[in-house]
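Structure first, commentary second.
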Amino acid sequence: MSRIVMGIESSCDETGVGLVRLHDDGTVELLADEVASSVEQHARFGGVVPEVASRAHLEAMVPTARRAFDTAGLELSDVDAIAVTAGPGLAGALLVGVSAAKAYATALDVPLYGVNHLAGHIAVDTLQHGPLPAPCLALLVSGGHTQLLRVDDIAGKITEIGSTVDDAAGEAYDKVARLLDLPYPGGPPIDKAAKNGDPRAIAFPRGMTGPRDAPFDFSFSGLKTAVARWVEAAERRGDPIPVDNVAASFQEAVADVLTAKAVRAATESGIGTLVISGGVAANSRLSSLAAERCEAAGIELRVPRPRLCTDNGAMIAALGAHVVAAGCTPSSLDFSANPALPVSTVSI
Ligand code: KG4
Ligand code: ZN
């Protein structure tokens, strides 16, 4: 007997509702993935404004859920379990999803699972590529996070191997885009501009790659500063800014460090599969360089399609399904959202 799991995501600026079917053999099938984004409301501020995001979640939650049920051809009464992002994320934004999930779970009398957003970014890959081998290594790169994670069990055991000591990779994209007068979010326009530029035009620094640096931690603030200094110097000389070359050289520095560290971590721990997820995984150079380096190292590379990489409800439904399949205890109805939920806590 298969089970329907509803997933609710509201940790940042995307209101997501996903529906999946958990089959008896443990495989998880995507039925619906509806997202309402408030990104345009934040664009003029160059970053997410928490209060604006919370309000947008409140308005979008029920209509987004309705669309998901319509797409899947299901009724609310078909739901067997609900999963919701409990953290990490923006407190006020998380609260909207958690409150909605509690209301749905109470009304439908089904178990509720508060789950980890970061684990969801990894679990989503099972919707496209099937069950994850254990262990596998995950490189999580988004606007808020940059982490290397060892995944022994997607429903229960995730260990951080390294993370950024300052900016997240996506944050670096967003800040550099601002320097180059490109729109927010900065990843897609930099990716596009870089296609016309020379990645070797400017030698930007590779953060934390010295012999004494922690091998699996990342730093992107020095790179961002280097780009700012380079642009300022060109402006002082009155030179036009070669946006394509700056974008390509910056992007090369990010992709180089991320893939080098991920491949080294996999190789040193004898892990044969690397999953790259989060918004920055949609980056064309990151995926092509990762493919090249993984192939050379004999590592299987899995990158979910871009739509699954950015924040969505299907990732939370997928993780919920794995948590249900593992027989984990549901969360008690009085749990709170935790903006700083550690990645080691997959469900609460
Ligand atoms: O995972 P996500 O949708 O939201 C967070 O949880 O942060 O990631 C958003 C981030 C933004 O910083 C955006 O600039 C970046 O992902 N991004 C990209 C690309 N598409 C989105 N970065 C580089 N290249 C892209 N093609
Ligand atoms: Zn995310």
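Entry note, the chain: the mean residue ellipticity at 222 nm calculated from DSSP H runs of n ≥ 4, each adding -39500 (n - 2.57), is -13500 deg cm²/dmol after division by the residues and rounding to the nearest 500.
With the convex hull of its Cα atoms as the shape, the chain has an orientation-averaged projected area of 17.2 nm². Near L19, once Lys and Arg are set to +1 and Asp and Glu to -1 for all other residues with Cβ below 14 Å from its Cβ, the sum equals -4. Average accessible surface for the chain: 41 Å² per residue, computed with a 1.4 Å probe over protein heavy atoms with every protein chain in place. Packing here is the average count of other Cβ atoms within 10 Å per residue, and on that basis the peptides 233-246, 305-318, highest first, run 305-318, 233-246. Taking a Cβ cut-off of under 12 Å around R66, the surrounding Lys, Arg, Asp and Glu residues balance to a net charge of -2, with basic ones at +1 and acidic ones at -1. Ranked by the mean number of other Cβ atoms within 10 Å per residue, highest first, peptides 170-179, 274-283, 55-64, 4-13 order as 4-13, 274-283, 170-179, 55-64.
The alpha-carbon of K175 sits under 25 angstrom from the alpha-carbons of these lysines, leaving out residues fewer than 8 places away in its chain: K192, K195, K224, K261. One Cα centroid belongs to the stretch 140-217, the other to the stretch 14-52; the line between them spans 22 Å. Around the Cα centre of the chain, unit charges on the Cβ atoms of Lys, Arg, Asp and Glu (plus for the first two, minus for the last two) sum to a dipole of about 720 debye. Within the straight-line cut-off of under 15 Å between alpha carbons, the aspartates and glutamates reachable from K102 are E9, D80, D334, sequence neighbours fewer than 8 places apart in one chain being disregarded.
The values are calculated or read from the model by the stated rules, or taken from the named source; none is laboratory data. Worth saying up front: this structure is predicted, and the values here are computed from it rather than measured. As a convention, Cβ positions derive from the backbone with ideal geometry for all residues, glycine included, and neighbour counts pool all protein chains shown. Keep in mind that these areas ignore ligands, DNA and RNA; they rest on the heavy atoms of the full protein, side chains included. Shrake-Rupley method; radii C 1.70, N 1.55, O 1.52, S 1.80 Å.
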